[in-house]
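This report concerns only the one structure given below.
Bear in mind these aren't lab numbers, they're just calculated from the coordinates by the rules spelled out. Since we're looking at a predicted model, the values are computed, not measured. Glycine gets a Cβ as well: all are built from the backbone with ideal geometry, and neighbour counts include every protein chain shown.
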Amino acid sequence: MTIESTPLKGCIIIKPSIFGDQRGYFFESFNQEKFRALTGIDTVFIQDNQSYSTKGVLRGLHLQKGASAQSKLVQVVKGEVLDVAVDLRRNSKTYGKHFSIRLSDDNKLQLYIPRGFAHGFVVLSDDAIFQYKCDNYYDKTAEGGIYYADPDLAIDWMLPYDQLIVSPKDLELPNMSAMGATGF
């Protein structure tokens, strides 16, 4: 496994070591000791989640607030997505900036997203299975988010807006400017 930094401090790309032959492939999708040794991050993941979505489905930009904030380790098991992380840590030099990366079953990349970030993805393939680990349990009372089409973020979702399938709840999320001074 190798680690690659992103422009957002603490947000890390993880590339697994893949062993393939005529039978297929094998790779270790997570190893706590190696993760800690390579990243310096000492976290314990306590909840795994998985979603299935079809092309154009956009989930996000979601976050958990306060004591319920979550770090995530995300990957695609089937298909391809554009994955997006937005830095909402008020004291960060990259506050309000985002990073996007294509995650797929072909490249097998993972993205570690620290606490204090909003997260979302859009499915670019016909369908996708998206899987992620969290270091804190989901808390409905602490959920929040940012509107995916916030003009201040200007995220290129790689699909025309009229092809995006967004939940009514996500369509109601506020722009970043509505957060005021309440960042993480």
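Cut-off is 10 Å between beta-carbons; in what order do HIS119, HIS62 appear when sorted fewest neighbours first?
HIS62, HIS119
Is the stretch 1-87 best put as rounded, prolate or oblate by its Cα gyration tensor, with a ≥ b ≥ c the root eigenvalues, rounded for a/c under 1.5, and otherwise prolate when a/b is larger than b/c, oblate when not?
Because a/c hits 1.5 or more and a/b fails to exceed b/c, the stretch 1-87 counts as oblate.
Using the Kirkwood radius over Cα pairs, work out the Stokes-Einstein diffusion coefficient for the chain at 4 °C and 1.567 mPa s, in µm²/s as a whole number.
Taking Rh from Cα pairs, D becomes 77 µm²/s.
What's the longest bit of the chain with no exposed GluC sites (Glu not before Pro), using DSSP loop states and at most 11 other Cβ atoms within 10 Å as the test?
By the stated rule (loop sites, at most 11 other Cβ atoms within 10 Å), 29-171.
Using +1 at the C-beta of Lys and Arg and -1 at the C-beta of Asp and Glu, which of SER51, ILE101, MET179 has the Cα lying farthest in the positive direction of the dipole of the chain?
MET179
How about the stretch 53-150: which chymotrypsin sites (Phe, Trp or Tyr not before Pro) there lie in a loop by DSSP and see at most 11 other Cβ atoms within 10 Å?
Here the sparse-neighbourhood loop sites are TYR137.
Treating the beta-carbon of each Lys and Arg as +1 and of each Asp and Glu as -1, no other charges, what is the dipole magnitude of the chain about its Cα centre, to the nearest 20 debye?
The dipole magnitude comes to about 520 debye.
Going by Cα centres, the stretch 142-163 and the stretch 104-130 are how many Å apart?
Answer, in whole Å: 15.
Set Lys and Arg Cβ to +1 and Asp and Glu Cβ to -1, take the dipole of the chain about its Cα centre, and tell me which of THR39, ILE113, VAL123 lies farthest positive.
My answer, from the dipole projection, is THR39.
Mind sorting ARG90, ARG59 by how few other Cβ atoms lie within 10 Å of their own Cβ, fewest first?
Lowest count first: ARG90, ARG59.
What do you get for chymotrypsin sites (Phe, Trp or Tyr not before Pro) in the stretch 16-72 restricted to DSSP loop and a cutoff of at most 14 other Cβ within 10 Å of the site's Cβ?
Listed in order of number, the matching sites are PHE27.
Quick one: ILE12, ILE41, ILE18, fewest Cβ neighbours within 10 Å first, how do they rank?
Neighbour counts put them in this order, fewest first: ILE18, ILE41, ILE12.
With Cβ to Cβ distances under 11 Å as the rule, what net charge do the other residues near SER177 carry (K, R +1; D, E -1)?
Summing Lys/Arg as +1 and Asp/Glu as -1 gives -2.
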